[in-house]
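This report refers to the structure that appears directly beneath it.
What follows draws every value from the coordinates through simple rules; no lab data is involved. What you see is a predicted model; the values in this text were computed from it and never measured. As a convention, Cβ positions derive from the backbone with ideal geometry for all residues, glycine included, and neighbour counts pool all protein chains shown.
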Amino acid sequence: MRKLYLLLNDEIAKINPEIYGHFTEHIGGVIYSGIWVGKDSKTENINGFRKYIIDKLKAINCPVIRWPGGCFAEMYNWRDGIGDFRPVRHSFWTKIDGRYESNEVGTHEFAEFCESVGTKPYFAANMTTTTPQEIFEWFDYCMSDEDTTTLAKERKENGRSKPYDIPYWGIGNENWGGGGNMTPEAYIDLYRKYSSVLKSMKFDTKLFACGSDADNFDWTMRFCEAYKDAYKCIDGYTMHYYCRCDGECIEYSDDDWYEQIKRAMYMDDIIKRNWNIISAYGMTDHLKLVVDEWGTWHKPDSGPSKGKNLYEQQSTMRDAMVTAITLNIFNNNCDKVIMANVAQLVNNLHCLFLADEENCITTPTYHIFDMFKEHQGAKAIRTLFETDDISYSFDNEEKSIKDLSISASVKDGYLILTAANTGLEKDITLLPEGVGGKLENTAEMTVLSCDDIRACNTFEEPEKIVPTKKTVDISKGITVEKSSIAAIKIKINDEK
Ligand code: AHR
């Protein structure tokens, strides 16, 4: 039995609900056939959007959704997605998958989809093929009060009089790559133009700037250096990290499992090292981290569309494990990370849903977001526990990973503890002990596990991997079985 000390008064910070955010890009089957089925579809829908997904997103308290890309955003003209005439265009992805963008879903549709879900939209603004003027006008069109500007009147003619609430805007996407292939210095120069225009507007919006690709710390250093004179026109520093292995999605070996987990755990280093650079420049009050793309990236074609939808992949217990580890890392770094968006919501990389016409199912990743949702808005606390190393070999190299990932938070008189046993061989029994307060013995425990770690939910068998609930006596220890994830809710006993 391993002791787990829960330092009830040692607060890290409040866990911003937006850490549990999502991402929907106009790519492959994410929008068309994913969230959007069309108003005349036989599939149950709300204004053309799949009702099943809306209901399921409500159930996990979805806090924010990023749109319309990704790389797609860097060739997007927002005017194509308003009014009656929707031009068909080439998109960033046309060369790869041969699909053209119909623009059926645009600003009104997406913002109203967010309203149906009860979530906040996070728009990604193009800075590769547009000018600040066009984004200035998009702000005006979306957010100006009724009947004030000509663009607000145009919005009304298009069916919406009151303004949309778009609290978050990304200025560019991956500008070190697909978004203009810029240097950090060139990006900052351009960012200054955009932000000076957009920050002069009356709207209370947060602007996020394009940060590093994973561990490209050179970008972060040069970014901070170039930005230091213009300090304070950024509200968040975005960062992308895919724990890519590019291997088989389902038929993976045990060593592949461990290597995937090692790469997921690397998120912690990436956060801390970027943060160290930002701290060295004294910019931690403005450059909080926004991890607006993260997830696994396996070989393509494992999803139900069999390759038709670009980057669509299935999701197994391994993807669920990566989700749990990553969310634990975000909770434990919630003093640095203010938002994160898993890529992507449906029919794509690390997704929560797989859909095709009337079929739609949740993946094991969805269940982790459900099990962890109690952390949203809670106070993250520090924990102390021991880990063992698990050894494995990958690419002829001997490697090891820790066998346990944990985070804990306190909300409304309850402790929320989420624990993942990364090993494939041994169960781990934890003996939780409240430090600075007492815990009640009887607790609720939810578990996601499956005897077959390569199993996944399918249209034919949608509930192969679903969570189970039980009541436990924590004074006897909580067993987190091998390759499983547990969420435990424990009442804090405030009697002295
Ligand atoms: O999520 C798929 C793509 O990955 C996104 O469009 C891009 O930003 C990233 O490279």
Straight-line reach check, residue 476, cutoff 28 Å on alpha carbons, 8 or more apart in-chain or any other chain, hits among lysines -> 3, 373, 379, 402, 411, 426, 438, 489, 491, 496
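How would you rank 297, 36, going from fewest to most other Cβ atoms within 10 Å of each one's own Cβ? Let's see the in-between values first.
Working: 297 18, 36 25.
Fewest-to-most ranking of 297, 36: 297, 36.
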Taking 0.36 nm per residue of separation between residue 476 and residue 59 and subtracting their Cα-Cα distance, the length gained on full extension comes to 146.9 nm
Checking rank on 185-194, 331-340, with mean other Cβ inside 10 Å and highest first, the result is 331-340, 185-194
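Tell me, Kirkwood radius of the stretch 72-215 from alpha-carbon pair distances, in Å? Before the final figure, lay out the partial values.
Values: mean 1/r = 0.0623 Å⁻¹.
Its Kirkwood hydrodynamic radius stands at 16.1 Å.
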For residue 165, placing the label point 7 angstrom along Cα-to-beta-carbon and taking the stretch 225-264, residues whose amide nitrogen sits under 18 Å are none
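Want the number for residue 95 to residue 444: 0.36 nm per residue separation, take away the alpha-carbon distance, what's left?
On the way: separation 349, 0.36 × 349 = 125.64 nm, distance 5.04 nm.
Gain in length upon complete extension: 120.6 nm.
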Dividing the surface of the Cα convex hull of the stretch 1-150 by four yields a projected area in nm² of 14.4 nm²
Between the alpha carbon centres of the stretch 302-356 and the stretch 125-202 the gap in Å comes to 28 Å
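State which helices in the chain qualify, where a helix is a whole DSSP H run, it must extend 18 Å or more along its own axis by its Cα atoms, and its mean Kyte-Doolittle hydropathy must be at least -1.0. Don't skip to the answer; put the middle values down first.
Values: long enough: 184-199 (21 Å, -0.52); 254-280 (40 Å, -0.87); 317-332 (22 Å, 0.46).
Helices passing the filter in the chain: 184-199, 254-280, 317-332.
Given axes a ≥ b ≥ c from the Cα gyration tensor, I'd like to know whether the stretch 153-260 is rounded (a/c under 1.5), prolate (a/b larger than b/c) or oblate. Walk me through the numbers on the way to the answer.
Numbers: a/c = 3.01, a/b = 1.46, b/c = 2.05.
It comes out oblate by the Cα gyration axes.
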Over the Cα atoms of the stretch 418-478 the radius of gyration and the largest Cα-Cα distance (Dmax), both in Å, equal 15.0, 49
What helix-only [θ] at 222 nm does the chain give? Using -39500 (n - 2.57) per DSSP H run of at least 4, over all residues, to the nearest 500, the answer is -7500 deg cm²/dmol
Sorting 467, 350, 385 by the position of each Cα along the dipole of the stretch 347-484 (Lys, Arg +1; Asp, Glu -1; all at Cβ), the one nearest the positive end of that ordering is 385
Here, the stretch 367-458 modelled as identical Cα point scatterers in vacuum has Debye log10 I(q)/I(0) at q = 0.13, 0.26 Å⁻¹ of -0.59, -1.50
Once Lys and Arg are counted +1 and Asp and Glu -1 for all other residues with Cβ under 10 Å from that of residue 230, the total becomes +1
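What number in nm² do you get for the chain if you take the convex hull of its Cα atoms and divide its surface by four?
Details: hull surface 93.6 nm².
If you wrap the Cα atoms of the chain in a convex hull and average its projections, you get 23.4 nm².
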Computed over the stretch 254-396, the distribution of all Cα-Cα distances in 5 Å bins, rounded to whole %, is 2, 8, 16, 19, 18, 15, 11, 7, 3, 1, 0
To the nearest 0.05, the calculated FRET efficiency linking residue 435 and residue 84 through their beta-carbon distance, R0 being 51 Å, is 0.20
Amide H proximity to residue 236 below 5 Å, modelled H, separation 5+ or other chain, gives 209
Residue span residue 397 to residue 133: 0.36 nm per residue of separation minus Cα-Cα distance leaves a gain in nm of 89.8 nm
